[in-house]
1. Using the crude model of +1 on Lys and Arg Cβ and -1 on Asp and Glu Cβ, and no other charge, please compute the dipole size for the chain relative to its Cα centre, in debye to 20.
2. Sticking with the crude label model, points 7 Å out along Cα→Cβ, report the distance from Met1 to Arg92 in nm, one decimal please.
3. Treat each spin label as a single point 7 Å out from the Cα along the C-beta direction, and report the Ala240 to Thr255 distance in nm.
4. Let me spell out the model: positive unit charges on the Cβ of Lys and Arg, negative unit charges on the Cβ of Asp and Glu, origin at the Cα centre of the stretch 124-204. What dipole size does that give, in debye rounded to 20?
5. Could you tell me which of Pro50, Asn257, Gly116 has its Cα farthest along the dipole of the chain towards the positive end, charges placed at Cβ (Lys, Arg +1; Asp, Glu -1), taken about the Cα centre?
6. Quick one: putting +1 on the C-beta of Lys and Arg, -1 on the C-beta of Asp and Glu, what dipole do you get for the stretch 130-268 around its Cα centre, in Debye to the nearest 20?
7. Which of Thr69, Leu181, Val245 sits farthest toward the positive end of the charge dipole of the chain, with +1 on the Cβ of Lys and Arg and -1 on the Cβ of Asp and Glu?
8. Place a label point 7 angstrom from the Cα of Asp270 along the Cα-to-Cβ direction, then list the residues of the stretch 105-126 whose backbone nitrogen is under 16 Å away.
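Bear in mind these aren't lab numbers, they're just calculated from the coordinates by the rules spelled out. Being a predicted model, the structure only gives us computed values, none of them experimental. Cβ atoms come from the backbone with ideal geometry, glycine included; neighbour counts cover every protein chain shown.
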Amino acid sequence: MSWQLTGDVEEFADAAGDFLRSRPVEHTVPLTLVGTLRRHGLNAYGPEAPILGWYRGPDGTVAGACLQTPPFPLLVTAAPDLVGLAGALAGRPLPGVNALTGDVDEFVAAWQHRTGATPVPGRRSRLYRLDALAPPSPHPPGAARVAGPADRELLISWMTAFHDEIGESAREVVDSVDEKLPYGGLTLWEVDGQPVSMAGASRPEAGMVRVMAVYTPRELRGRGYAGAVTTVVSRAALDAGAVDVVLFTDLANATSNALYQRLGYRPVEDRAVVEFRP
């Protein structure tokens, strides 16, 4: 009945894999993180080694998991004993934590007590799952196409702007674009042959695909392009056999939250990031 930590992604996958796959919607991010670490190695997200952990209950069943890939915050699933997790991580510098809104305060209080760090509220997000896809109406002009190597510089520029807007680190943008291009993980919406919007999709994990990095340059917004390209990417995931199609929104962005609900996405859970300052 305790937290166990490792730097070995295969050990983590063996211990916590069934738990993560049991709820692929809620565990969308840890599933894709583990997949990337297994394909590209422990330094896929930066030079520092990640830490991975799981909580095993008195009956031996795994009931929670955590992952931290520096320089990103600790990501925690729904889990018991977050005070115990803070104790298990004592001595490891954490830039922050990403947890369910109902759980985050427990970990933050325990971490502050142990380290004296000052908590600073960060981004609040909402996870959505696609129910029944409803294409936008009216449909905007243009058409979608899967991005290719010739689009790489544009994609890097747009992905950087996307991360800047949501206040997240853009240090792994190039690697992210290069990782997605080979499997067709980025789609562009074009009008008269000119790209006007993009959307990405994760590799399938446990029947789940996550739509991500939906971005339209500021001067081209309000014309329906984001809804159109999101619809195309969502439909492609379903047609390829995905059981669950999910996405995250910034809770501070009322426009995107309303858009995805019109397209047929329904709320699942809310998460909060809290940064730790010395």
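1. It comes to approximately 500 debye.
2. 2.3 nm
3. Reported label-point gap for Ala240 and Thr255 is 2.8 nm.
4. Values: 8 positive and 12 negative charges, 71 e Å.
Charge dipole of the stretch 124-204: 340 debye, to the nearest 20.
5. Farthest towards the positive pole: Asn257.
6. With Lys and Arg at +1 and Asp and Glu at -1, about 400 debye.
7. Val245
8. Within reach of a label on Asp270: 105-106, 121-126.
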